[in-house]
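Sharing a structure with you now.
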Amino acid sequence: AQKITQTQPGMFVQEKEAVTLDCTYDTSDQSYGLFWYKQPSSGEMIFLIYQGSYDEQNATEGRYSLNFQKARKSANLVISASQLGDSAMYFCAMREGRRSSASKIIFGSGTRLSIRP
Amino acid sequence: GAVVSQHPSWVICKSGTSVKIECRSLDFQATTMFWYRQFPKQSLMLMATSNEGSKATYEQGVEKDKFLINHASLTLSTLTVTSAHPEDSSFYICSARGGVSNTEAFFGQGTRLTVV
């Protein structure tokens, strides 16, 4: 069963507008972590933001914020004031189980974000 | 953030040969490293988890004898694609966790393998 679902294969957004990338997840663990990564055309995976399942506040990192709705099992990424350099693939990911270096991280199918000038 | 270096960044090899990809954590000790495979326009699929000094744990459907993983030290893991075939052509990327932060996984730059 798919555990990370990203329903938007592609999105186009006008520069300077905010954009929300959707992510829902499925897990039976009480302790888990949620990540967003950006992958530009070069292929590298750039860590953007992290939300722990027990974190009460939504995570924020600069222009990135994570809209964490635990009961709905959603972890949407919000990018404010989008820039041309934001054009890339964005992956939602989840670490199941307690925070441990051995806990594997699984990825959603990704959303290709394109910013229009 | 911590630095993970993956080498080579791209490689072209002949069908039937073996290719080794290295993943190094440069400024922290990686107790665990993960190897992913990514086909064009698709997501990252976890292939295996390697722990220093022990055998790797492979995901279902991944051939152990085809994709040899060695995690000989806390800073180095290698993936060897043995007897490569054109269908093995893909983007392989490693990630490492450990050190002070176990929260995020740090990724290498990836290796684009083309088997001709």
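Derivation of every value follows stated rules applied to the coordinates shown; laboratory data play no part. None of these values were measured; they are calculated from a predicted model. Here Cβ is always computed from backbone atoms with ideal geometry, including for glycine, and neighbour counts include all displayed protein chains.
Aspartates and glutamates within cross-link reach of A:Lys3: Cα-Cα under 13 Å, excluding same-chain residues under 8 positions apart?
A:Lys3 reaches A:Asp26, A:Asp29, A:Glu96.
Same structure again: Among A:Tyr54, A:Ala88, A:Ser114, whose Cα projects farthest towards the positive end of the dipole of chain A, with charges put on the beta-carbon of Lys, Arg (+1) and Asp, Glu (-1)?
A:Tyr54
If pairing requires two Cys Cβ atoms under 4.7 Å apart, which cysteines of the protein assembly as shown are left without a partner?
Those would be B:Cys13, since no other cysteine Cβ in the protein assembly as shown comes under 4.7 Å of theirs.
Next question. Would you give the gap between the C-alpha center of the stretch A:16-68 and the C-alpha center of the stretch B:1-75, rounded to a whole Å?
Using only Cα atoms, the two centres lie 24 Å from each other.
By count of other Cβ within 10 Å, fewest leading, how are A:Asp22, B:Asp27 ordered?
Details: A:Asp22 17, B:Asp27 11.
So the residues, fewest neighbours to most, are B:Asp27, A:Asp22.
Separate question: Would you grab the residues whose amide H sits under 5 Å from the one on A:Ser87? Only those 5+ places off in sequence or on another chain, please, with H modelled 1.01 Å from N.
A:Ile115
Working only with C-alpha atoms, what are the Rg and Dmax values of chain A, expressed in angstrom?
Just the Cα atoms of chain A yield Rg and Dmax of 13.7, 42 Å.
Here's something else I'd like to know. Using the number of other C-beta atoms within 10 angstrom as an exposure proxy, rank A:Leu77, B:Leu26, A:Leu21, B:Leu76 with the fewest first. Intermediate values should be presented prior to the final figure.
Details: A:Leu77 28, B:Leu26 12, A:Leu21 23, B:Leu76 17.
Going from sparsest to densest Cβ surroundings: B:Leu26, B:Leu76, A:Leu21, A:Leu77.
Expressed as cubic angstrom per residue, what is the convex hull volume of the alpha carbon set of the protein assembly as shown? Can you show the working numbers first?
On the way: hull volume 28.8 nm³, N = 233.
So the per-residue hull volume is 123 Å³.
Quick one: dipole size for chain A, taken about the Cα centre, charges +1 on Lys/Arg Cβ and -1 on Asp/Glu Cβ, in debye to the nearest 20.
Working: 13 positive and 11 negative charges, 35 e Å.
That gives chain A a dipole magnitude of about 160 debye.
Quick check on chain A: of the DSSP beta bridges with both residues there, what percent are antiparallel, nearest 5%? Walk me through the numbers before you get to the answer.
Details: 34 of 39 bridges.
Beta bridges within chain A, antiparallel portion: roughly 85 percent.
Follow-up. What is the Rg over Rh value, at two decimals, for chain B, using alpha-carbon atoms and the Kirkwood definition of Rh?
Details: Rg = 13.3 Å, Rh = 14.0 Å.
Result for chain B is an Rg/Rh of 0.95.
Hey, with R₀ at 30 Å, roughly what FRET efficiency would B:Leu26 and A:Ser31 work out to, going by the Cβ-Cβ distance, to 0.05?
Numbers: r = 30 Å, r/R0 = 0.99.
My answer for the efficiency is 0.50.
Compute the Rg to Rh ratio over the stretch A:32-75 from the alpha carbon atoms, using the Kirkwood formula for Rh, and round to two decimal places. Let's see the in-between values first.
Numbers: Rg = 11.6 Å, Rh = 11.3 Å.
With Rg and the Kirkwood Rh in hand, the quotient comes to 1.02.
Averaged across B:27-37, how many Cβ atoms of other chains sit within 10 Å of each residue's Cβ atom?
On the way: counts 0, 0, 1, 1, 3, 5, 1, 3, 0, 4, 0.
Across the residues of B:27-37, the mean count of other-chain Cβ atoms within 10 Å is 2.
Another one. Using the basic label-point model (7 angstrom from Cα toward the beta carbon), what is the A:Lys3 to A:Asn58 distance in nanometres?
Distance between the two pseudo-spin positions: 2.5 nm.
Of the options B:Ser50, B:Thr114, B:Phe34, report the single residue whose Cα projects farthest towards the positive end of the charge dipole of chain B (beta-carbon charges: Lys, Arg +1; Asp, Glu -1).
In chain B, that residue is B:Thr114.
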